[in-house]
Amino acid sequence: MIRLSVLDQSPIRSGGTAADAIGETVELAQVAERLGYYRYWLAEHHSHSAFAGTSPEVLIGQIAAKTKTIRVGSGGVMLSHYSALKVAESFRVLETLYPGRIDLGLGRAPGADRLTSAALAPEQSGFRYDDFPQKVSDLRGWMEGSLPEDHSFARIRAMPTGETAPEMWLLGTSDQSAILAAHFGCAFSFAHFINAYGSVQVMDMYRRDFRPSAECKAPMGSVAVFVICAPSEEEALYHAASRPLVMLRSRRGEGDGVPTPEEALAYPWTNMERAFAQDIDSRTIAGAPGQVRERLETLASEHKVEELVIVNVMYSFEARVKSYELLAEVFGLRGNL
């Protein structure tokens, strides 16, 4: 049976507010728990007109407090901006408050443009991907209390210590992320909704090269996929129209949130822009419940995973909730409450 989880980017609809988006994130998490979704991840984006989630670790605490059983985590913390020790401490606090329910998902990407990245870590000379492996290694050491004796910070402990630790995931869209996850013995989630190219091969590489760790004895993978489920295919495609336009405007630093489907459908696409939109649509699964289930089951089988992380961005919050409700029903999820 396929396990379903949620990734929430806290979308801000055009004409709405970031406060609305954060409130809807908390409400959707409660809905997801009631419906039987397994985990609820919060994204990290900075200085983005369409996404309100800048601090997943803060939202994790609020959502964990407002729910009872669903796992809650980051999808993910953009580690290259931050001190590995500080991230370890923050998530150890969360694990202490909500033992056995916290996930620590880590991303290599900046989650921001170059200027914003510089503002997040002004002491660094620009965003650097090459720092990421060492930071993951340090973070893992602090989470497990296993820093090498010759490490410069070996005597430092990440407090509070405890009997359990957050479940660590590496998130990515490339073989480099998969290689790191395999090397460190971490769970790995492939972001199909960002880049579907070569995804099957990347997951195969992760499983082939996986090195067991104290935390993760065997490969554990998932695929994050963009899904809109509605009573009819026509309605699903209608709601899906907003996504290409919000992504196009995001690239240009334009826009004031997720546009209505009507605005997106009326947009005068150039040929180049239409090609961009078609690429976005190729990574979208939109349809009626039976259609969506068939495509998701095929995707899970191709990637040899037992968990799919569902993300959607729509103008209508009610339509987002309905999408998750229909998915839960067609997959026969059992509520956690």
key: Reference-scaled alpha-carbon Rg (2.2 N^0.38 Å with N residues) for segment 29-79   = 1.15
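What full-extension length gain, to one decimal in nm, is calculated for residue 58 and residue 174 as 0.36 nm per residue of separation minus the Cα-Cα distance?
39.0 nm
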query = Antiparallel as a % of all DSSP beta bridges within the chain, to the nearest 5?
reply = 5 percent
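Around residue 279, what is the net charge, scoring Lys/Arg as +1 and Asp/Glu as -1 over all other residues with Cβ under 15 Å from its Cβ?
My count for the surroundings of residue 279 gives +2.
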note = One quarter of the C-alpha convex hull surface, i.e. the mean projected area of segment 181-280 in nm², amounts to 8.9 nm²
query = How many nm separate the modelled label positions at residue 66 and residue 275, each set 7 Å beyond the Cα in the direction of the Cβ?
reply = 4.3 nm
task = Work out the length of the dipole vector of the chain about its Cα centre, built from +1 on the beta-carbon of each Lys and Arg and -1 on the beta-carbon of each Asp and Glu, and round it to the nearest 20 debye.
result = 480 debye
note = Long-range amide H partners of residue 222, meaning residues 5 or more apart or on another chain whose placed amide H is closer than 5 Å, are 188, 189, 190
inquiry  = Between residue 294 and residue 146, how high is the FRET efficiency from 1/(1 + (r/R0)^6) when r is the Cβ-Cβ distance and R₀ = 56 Å? Nearest 0.05.
reply    = 0.80
task = State log₁₀ I(q)/I(0) for segment 80-237 at q = 0.21 Å⁻¹ as given by the Debye formula over alpha-carbon point scatterers of equal weight, solvent excluded.
result = -1.38
task = Report the normalised scattering of segment 258-330 as log10 I(q)/I(0) at q = 0.18 Å⁻¹, calculated by the Debye formula with identical scatterers on the alpha carbons.
result = -0.89
query = Based on the mean of other beta carbon atoms within 10 Å per residue, what is the order of 35-42, 182-189, 208-215, 137-144, most packed first?
reply = 35-42, 182-189, 137-144, 208-215
ask   = Using alpha carbons only, what's the Rg to Rh ratio of segment 215-336 with Rh from Kirkwood?
value = 1.02
note = Residue separation between residue 301 and residue 207 times 0.36 nm, minus their alpha-carbon distance, gives in nm 32.4 nm
task = Provide the gained length on full extension for the span residue 97 to residue 2, in nm with one decimal, where the gain is 0.36 nm per separating residue minus the Cα-Cα distance.
result = 31.3 nm
message = For the chain, set up a GNM with springs between Cα atoms under 10 Å and report which of 120, 245, 237 has the largest fluctuation.
response = 120
For segment 112-271: relative contact order, % (alpha-carbon pairs under 8 angstrom, 6 or more apart) = 13 percent
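Every number here is computed from the coordinates shown, using simple stated rules; none is lab data. Predicted model, so just to flag it, every value in this text is computed and none were measured. So basically every Cβ, Gly included, is an ideal-geometry build from the backbone, and we count neighbours across all protein chains shown.
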